[in-house]
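Read-outs throughout are calculated quantities, based only on the coordinates presented, and are distinct from any laboratory measurement. All values derive from a computational prediction rather than experimental measurement. Counting neighbours? That spans all protein chains shown, and the Cβs are built from the backbone with ideal geometry, glycine included.
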């Protein structure tokens with residue numbers, strides 16, 4: 001799961017168990033006031049760097065480390081790095097009127113967008129909905145964002161709009177007094193612990209989804225005052241070509257034009273499907289996993305595509321390829337996927353990549369991702385993350401390739 005292309009996984013799988021404490025009569029208005037005190041504290045913080053050390057807990061019990069480090073310099077320059085298992089996957093620096101982003105294993109290109117002091121806006125332009133990039137709340141606040149912008153950053157790129165539910169007094173393990181704010185979204189819940197003295201973020205716990213597919217995340221913030229120094233330096237871009245978005249970086253690293261791997265996979269109904277056996281047809285493969293939160297949204301769009309393809313009269317095949325599960329065998333994976341589809345009322349052809357060999361053969365495309373194979377059996381299109389207007393875009397690409 002540590003593939004550098006797993007952008008949505010790295011940025012957006014957050015969640016956890018809410019600490020139990022009796023809510024004081026305070027409620028939502030007091031909770032919003034506490035969050036606004038946090039926003040103001042960061043706004044007045046001067047130069048700083050902050051680290052979020054976190055653990056991602058998947059539905060099958062796997063726990064994986066995640067780290068964000070970010071900060072703001074004296075002149076309003078800012079940076080963000082995203083790491084997994086000790087490797088920096090993305091590095092973003094915003095200064096001198098530009099935001100520059102580089103990605104692990106993409107040496108020939110970098111992403112660039114204008115930066116006029118609004119880190120969140122530049123990040124949206126560079127990442128967009130497809131990459132689900134979320135700005136750190138501390139950076140948003142420090143650069144002048146209001147409470148609405150601060151709350152939006154707390155969504156971590158995947159939670160629906162947040163409603164502040166309650167404020168509770170709490171204690172940290174070291175005895176420090178905390179303001180615990182509970183927030184709720186249509187697709188999950190979030191709790192943040194604010195230091196009652198400094199008002200800055202101290203802990204975060206979140207939960208996405210429900211039941212067997214729930215994903216959990218918990219993290220601890222560490223704040224250091226002072227200029228971030230070399231972290232604000234623009235990386236060496238010599239020999240690299242600029243693109244506008246992280247999605248373009250992803251595509252640049254994918255071997256389009258090469259023959260598609262001759263992968264054979266078991267279908268959910270027990271048969272065997274060979275990708276090479278569909279030469280003459282356009283084949284759409286949606287790589288996903290039950291624990292991948294962004295995949296839940298992408299899969300619904302793939303179901304729409306599959307239904308359309310079935311009645312289009314075109315030589316098109318659409319499959320959702322379930323991969324990177326921790327199931328012991330195909331039978332267990334089949335049961336997991338069947339229950340998942342039932343719980344979400346989804347109906348579409350599913351292939352089981354039990355050994356993860358197809359994911360590897362297709363060059364570790366990331367989760368979620370779409371790979372489209374043309375009628376000649378070549379890798380023709382690649383989309384990483386949540387593609388904006390996915391159904392419309394992929395239909396257009398299918399029609400072009402099906403001619």
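Spin-label model, residue 252/residue 393: points 7 Å from Cα along the beta carbon direction are separated by 1.7 nm. Any idea how far the Cα center of the stretch 301-354 sits from the one of the stretch 54-109, in Å? What the calculation gives is 32 Å, centre to centre. Counted by neighbouring Cβ atoms within 10 Å, the residues 99, 390 run from fewest to most as 390, 99.
For residue 163 and residue 343, a Förster radius of 30 Å and the Cβ-Cβ distance give a FRET efficiency of 0.80, rounded to the nearest 0.05. Here the alpha carbons of the stretch 33-159 define both size measures, Rg and Dmax, at 14.8, 46 Å. Mean separation of Cα pairs under 8 Å and 6 or more residues apart, divided by the residue count, gives the stretch 358-403 a relative contact order of 30 percent. A Förster radius of 25 Å, combined with the Cβ-Cβ distance separating residue 332 from residue 240, puts the computed FRET efficiency at roughly 0.05. The orientation-averaged projection of the convex hull spanning the C-alpha atoms of the stretch 254-401 amounts to 7.8 square nanometres.
Spatial offset of the stretch 368-403 relative to the stretch 233-270 amounts to 13 Å, using the alpha carbon center of each.
I'd like the FRET efficiency for residue 308 and residue 64, computed as 1/(1 + (r/R0)^6) with the beta carbon distance as r and R0 of 45 Å, rounded to 0.05. Spell out each step's value before the answer.
Working: r = 36 Å, r/R0 = 0.79.
With R0 = 45 Å, the Cβ-Cβ based efficiency is 0.80.
Report, in degrees rounded to the nearest 10, the 0 to 90 angle that the Cα long axis of helix 330-343 makes with the longest principal axis of the chain. Rounded to the nearest ten degrees, it is 70. For the chain, the longest principal axis of the alpha carbon atoms and the long axis of helix 119-131 meet at an angle near 30°. Mean sequence separation of contacting Cα pairs (under 8 Å, at least six apart), scaled by the length of the stretch 223-362, corresponds to a relative contact order of 25 percent.
Can you put 308, 288, 296 in order of Cβ neighbours within 10 angstrom, beginning with the fewest?
On the way: 308 16, 288 25, 296 22.
Placing the least packed residue first, the sequence is 308, 296, 288.
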